[in-house]
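Heads up: the structure comes next, in structure tokens.
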Amino acid sequence: MTPTAILVTMFGGLTLFMLTGLPIAFVLGGLSLLFTVTLWNADAVVILALQIFDTMRSEALLGIPLYILMASILQRSGVIEDLYRAMELWFGRVRGGLAIGTVVICVIMAAMTGVVGAAVTAMGVLALPEMLRRRYDPGLATGTICAAGTLGILIPPSVLTIVYAVTAQISIGKMLIAGIVPGAILAALYIAYILAVSYLKPGKVPAAAVERVPLGAKLRSLRSLVLPALIIVMILGSIFFGVATPTEAAAVGVVGAMIAAALRRRLTIDNLSTAAVETLKATAMILWITIGAKAYVAIFTGLGGADTLMGFIRDLNVHPYMVLAVMMLVLIFLGTVLDEIGIILLTVPVFLPIVRLLGFDEVWFGVLYAITIQMGYISPPFGYTLFYIKGTLPKHLGMDTVYRGIVPFFLLQVLGLLICAAFPGLVTWLPRLMVGG
Amino acid sequence: QDTVSWRMQSLWDGGTTPQKFEERFVKRVAELTGGRFKIELFSAGQILPANQMFDAVRGGAFQMMKTFDGYEAGKIPALAFTSTVPFGFPESDQYEAWFYELGGIDLARQAYGQAGLFYIAPTVYGPEPMHSKFPIRKIADWNGKKGRFVGLASTVMGALGVSVVPLPTGEVYSALDKGLIDFADRGDLTANFEAGLAEVAKHIVMPGVHQPTTATSYVANRAAYEKLSAENKAALAVAAREVSAALRQHILVADGKAIEGYKAKGVEIVSLDPADVQQGRVKAREAWVTATKNEALATKVLDSQVAFMKQLGLLA
Amino acid sequence: MPTAFLLYVRGITAVNRLLFRIAAALMFVVVPVMMYEVIARYAFAAPTTWGMELATLLFGPYFLLGGPYLLHLRGHVNLDLARRAMSPGWNRFFELVNQPVIVAFCAILLYYSWPLAVQAWEFKETSFSAWNPPIWPVKFAVPLAVVLMAAQSIAEFLRVLFRDPTAFEPASHDTPETAA
Ligand code: NA
Ligand code: NA
């Protein structure tokens, strides 16, 4: 079989099997097995088992259950409810205020963790019920969380950025700092969009409160900020002051959430056990998918499926910006089905020599890279975060809701990508300032 | 004659300098066999993470790997000593001599033989640095400091007073930056420079006594290896020995350039006093013995190395 | 459903539910261990050799053993676009096709992961860290999890085959604590 045929078969097979309604973890895993046995050799199936062993001991992925547990405990402590009520008091007169608040909380989450599944699922647990309860359009709510929840890839700390820097052999520090401004730009775009929808399409967002809330009530509501702020300070502080690694900081966050729940007298065995059950449900769902995805990328590479795409780019003989555009398209395409670390190991060794040859800045390219992988993460039909968020949806909402909601945010990411591509200074300015050279 | 096609994965990331030497290895094997022995090369993580390759080669998913024996020292204790020995041989030539002149290769073959694998040959090269946030002048300086080390080095450094913090490689930069740890082992001088360690740690101990010399190795599935013609087997051995010297010499030059780069960024480079290192080696030896788990082959490997070290005057 | 099948379905679901709850509780081991590590290292400059490693060792069995019961809860996410548009008959058909795919997937993984776990045991594999704990027991979590997953999948297959009216419902009826 030619590499092109393999490429077509692997992606075609994926689409077909997904439509049968088989859980995505088994679609990925089952297809990996099928392709290994038919196109490689049966001995190579051992790779799947070994990928599982590796996933089992990933310290970075351990952050996923910890952040979900934190979110789950907070949700049951009433702290989040209060937080959203305070937001309502302060921003109730701003249409879409809660969605905007959710973007802000996502940015804060992004500064805590670099693991995608953690932030999106945690926000699915925390913010989604509050927004749905207040009659936000489910598509807008899930789109906001999926898009803003993946900002953690850009905003440090970020596992993906570190792997990029190491593979590209450039400064980890510079690369991490470079993500801050683009991350802020994307967040600003999301907020602007939410405001636009709120005022242009009434019905998607609940009407703004008409009455003016007395200042006293507003100020009293600020008390509800104390506990969330305390937890944020515990997590970010422990990372910033070298007290804990980002994964350990997640455990600090769980303890913080438990303290908050205790202060609210909601730290009951019942609440803790429900939180633990919810956490395992979300984590097992994400991690079984991760196993399938890792197997899929291994088989994809081992069979030479990647060679076709990479060779195609290598042989392109067009304007440098066209080459860049094609690279981004390939990344979005790969990003929809492959796990993010796999894509980096696959593409960076091929792309970077070309990027250097064309005279582009590697840090700048790295940021475009991270944005593109974010897009792959949320792009229908396969983007993984779409499935993660679906896991937290109430039963009556299906995948179509998630798909509908994500499209505008995907387009906003395209816009963000174009902005960063057109003005490299936005990306390179901060790292130069902070690290020098 | 039939052509043979193999798949091989290495422990290096794609596009890095050592991976280019693996490309050279593969090319050389093809050259030496008139193109009849083709090896398709993959980099770390493309098929599997480097530390999972062992069972994949055993199972026949791919026929050979470029690996670091220490990954499997938890299964086969002898492999602790065929990759890097903390406070071990200070010169790569000494370490390589142990492999080629003192039966080291045969011992490594026995070790891998237990798992149905065939050890082809090592690639031996020099030291890796320690990066520190505080000045280190002597071993006693790191007493009570928090250091990131892995494998046998974590045991040895622990025995020498370091509070060892096990961290994944990806965390080293940030952990040094934020002061979570005081000093660390990571990769070689050049790779660490590229990763920006000069920005976060202003002192370097080079050579790093935790990893004075290093051997990575070519290992094949034994059944696949035995099916090879004598010509193909010879090609593997020849290409491996060539790459060993070539990579070592490349690193030697690259280290020199990297040191200039570090100095330009205001990083201090320190070498420890050999007498101090000699004393440290005595303590390290106790940890070496523990690492054999009293297993016969591991003990044999260690005894053989210790005997050579005594001859060289490295141990009393 | 014939009694023997009913007993099987109830039995395996109960076993997996129990393992799920035990696994869920592991987080209350992981969190204190990590907190202890952070405090010991930062406040007392005395990091443990075992803290982070113990936490990561528990992580694998945690999510693997959570998988089988999640199948019963219908918590493994799927693409429901086509299925929502289908008649109940077609939905039933695809369910009867999909569960055997899961069983086959698990069977093949068992075939390949069992020898790896056994070999790790034969080598008495340890992690080669400063703590150096045995890690072969953890490797048995993979064959165990796929066996339990296959067993649960067979149970789900039987529920659909014998038209258990709750087969397509998320199983909240027997797990009141998960009815979110
Ligand atoms: Na982040
Ligand atoms: Na090292």
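The values are calculated or read from the model by the stated rules, or taken from the named source; none is laboratory data. Predicted, not measured: the structure shown is a model, and the values here were computed from it. Here the Cβ positions follow ideal geometry from the backbone for every residue, glycine too, while neighbour counts run over all protein chains shown. The protein model used for the area step is the full one, side chains on, heavy atoms only, and it has no ligands, DNA or RNA in it. Shrake-Rupley method; radii C 1.70, N 1.55, O 1.52, S 1.80 Å.
At a glance:
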{"quantity": "All helices (runs of 4 or more DSSP H) inside region A:149-241 with 1 or more residues being closer than 29 Å to residue A:131 by Cα and within 13 Å of ligand 1 (Cβ to nearest atom)", "calculated": "A:180-200, A:223-240"}
{"quantity": "Residues of region B:217-231 that turn out to be part of a helix (DSSP H, G or I) and surrounded by fewer than 19 Cβ atoms within 10 Å (Cβ to Cβ), as a count", "calculated": "6"}
{"quantity": "Test: residue in region A:183-198 that is surrounded by fewer than 15 Cβ atoms within 10 Å (Cβ to Cβ) and within 14 Å of another protein chain (Cβ to nearest Cβ)", "calculated": "no"}
{"quantity": "Candidate set from region A:164-175 (those that are open to solvent by 30 Å² or more (accessible area, probe 1.4 Å) and within 21 Å of residue B:17 (Cα to Cα)); member that is nearest to ligand 2 (Cβ to nearest atom)", "calculated": "A:166"}
{"quantity": "Some residue of region B:131-150 being among the small types (Gly, Ala, Ser) and in a helix (DSSP H, G or I)", "calculated": "yes"}
{"quantity": "Residue match in region A:279-301 (condition: of a type outside the set (D, E, K, R), surrounded by fewer than 24 Cβ atoms within 10 Å (Cβ to Cβ) and touching a Lys or Arg at 6+ places or on another chain (Cβ under 6 Å))", "calculated": "no"}
{"quantity": "Hits in region B:24-48 - residues which are open to solvent by 30 Å² or more (accessible area, probe 1.4 Å) and closer than 20 Å to residue B:61 by Cα", "calculated": "B:38, B:40, B:41, B:46"}
{"quantity": "Of residues in region A:7-28 being open to solvent by less than 10 Å² (accessible area, probe 1.4 Å) and within 23 Å of residue A:309 (Cβ to Cβ), the one nearest to the other protein chains (Cβ to nearest Cβ)", "calculated": "A:18"}
{"quantity": "Condition met for residue A:103 (within 16 Å of ligand 2 (Cβ to nearest atom) and either closer than 30 Å to residue B:190 by Cα or touching a Phe, Trp or Tyr at 6+ places or on another chain (Cβ under 6 Å) (or both))", "calculated": "no"}
{"quantity": "Single unsatisfied condition, residue B:99 versus (1) closer than 29 Å to residue B:176 by Cα; (2) out of contact with any Asp or Glu (no Cβ under 7 Å at 6 or more places or on another chain); (3) not β-branched (Val, Ile, Thr)", "calculated": "(1)"}
{"quantity": "Where residue B:58 falls short, out of the listed (1) within 14 Å of chain A (Cβ to nearest Cβ); (2) in a helix (DSSP H, G or I); (3) closer than 27 Å to residue B:207 by Cβ; (4) among the charged types (D, E, K, R)", "calculated": "(3)"}
{"quantity": "Helices (runs of 4 or more DSSP H) completely within region C:1-111 that count 3 or more residues being open to solvent by less than 60 Å² (accessible area, probe 1.4 Å) and facing another protein chain (nearest Cβ under 9 Å)", "calculated": "C:3-25, C:27-44, C:51-72"}
{"quantity": "Region A:199-228, residues that are surrounded by 17 or more Cβ atoms within 10 Å (Cβ to Cβ) and over 19 Å from residue A:100 (Cα atoms)", "calculated": "A:227"}
{"quantity": "Search result, residues across region C:97-114 that are over 15 Å from residue A:17 (Cα atoms) and of a type in the set (Phe, Trp, Tyr)", "calculated": "C:111, C:112, C:114"}
{"quantity": "Residue list for region B:139-156, filter: more than 22 Å from the chain's Cα centre (by Cα) and either under 21 Å from residue A:159 (Cβ atoms) or within 13 Å of ligand 2 (Cβ to nearest atom) (or both)", "calculated": "none"}
{"quantity": "Residues within region A:47-74 that are small (Gly, Ala, Ser), without any contact (Cβ under 8 Å) to a residue 12 or more places away in the chain and either open to solvent by 10 Å² or more (accessible area, probe 1.4 Å) or more than 10 Å from chain C (Cβ to nearest Cβ) (or both), tallied", "calculated": "1"}
{"quantity": "Unmet criterion (only one of (1) among the hydrophobic types (A, V, I, L, M, F, W, C); (2) surrounded by fewer than 19 Cβ atoms within 10 Å (Cβ to Cβ); (3) within 18 Å of the chain's Cα centre (by Cα)) for residue C:118", "calculated": "(3)"}
{"quantity": "Qualifying positions in region A:34-46 - surrounded by fewer than 24 Cβ atoms within 10 Å (Cβ to Cβ) and facing another protein chain (nearest Cβ under 7 Å)", "calculated": "A:43, A:45"}
{"quantity": "Checking residue C:45 against (1) in contact with a helix residue (DSSP H, G or I) (Cβ under 7 Å, 6 or more places away or on another chain); (2) more than 24 Å from residue A:259 (Cα to Cα); (3) of a type in the set (A, V, I, L, M), the condition it does not meet", "calculated": "(1)"}
{"quantity": "Whichever residue in region A:123-139 is in a helix (DSSP H, G or I) and open to solvent by 10 Å² or more (accessible area, probe 1.4 Å) and, among such residues, is nearest to residue A:74 (Cα to Cα)", "calculated": "A:126"}
{"quantity": "Residue match in region B:266-285 (condition: touching a Lys or Arg at 6+ places or on another chain (Cβ under 7 Å), within 22 Å of residue B:205 (Cα to Cα), acidic (Asp, Glu) and in a helix (DSSP H, G or I))", "calculated": "yes"}
{"quantity": "Search result, residues across region B:200-213 that are in a loop (DSSP other than H, G, I, E, B) and either hydrophobic (A, V, I, L, M, F, W, C) or within 13 Å of ligand 2 (Cβ to nearest atom) (or both)", "calculated": "B:201, B:206, B:207, B:208, B:209, B:210, B:211, B:212, B:213"}
{"quantity": "Scope region B:176-187; condition part of a loop (DSSP other than H, G, I, E, B) and either within 14 Å of ligand 2 (Cβ to nearest atom) or more than 9 Å from chain A (Cβ to nearest Cβ) (or both); matching residues", "calculated": "B:182, B:186, B:187"}
{"quantity": "Residues being surrounded by fewer than 24 Cβ atoms within 10 Å (Cβ to Cβ) and of a type outside the set (Val, Ile, Thr) - total across region A:102-122", "calculated": "1"}
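Yes or no, residue by residue, for (1) within 14 Å of chain A (Cβ to nearest Cβ); (2) open to solvent by 10 Å² or more (accessible area, probe 1.4 Å); (3) within 14 Å of ligand 2 (Cβ to nearest atom):
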| residue | (1), (2), (3) |
| --- | --- |
| B:158 | no, yes, no |
| B:174 | yes, yes, no |
| B:189 | yes, no, yes |
| B:198 | yes, no, no |
| B:215 | no, no, yes |
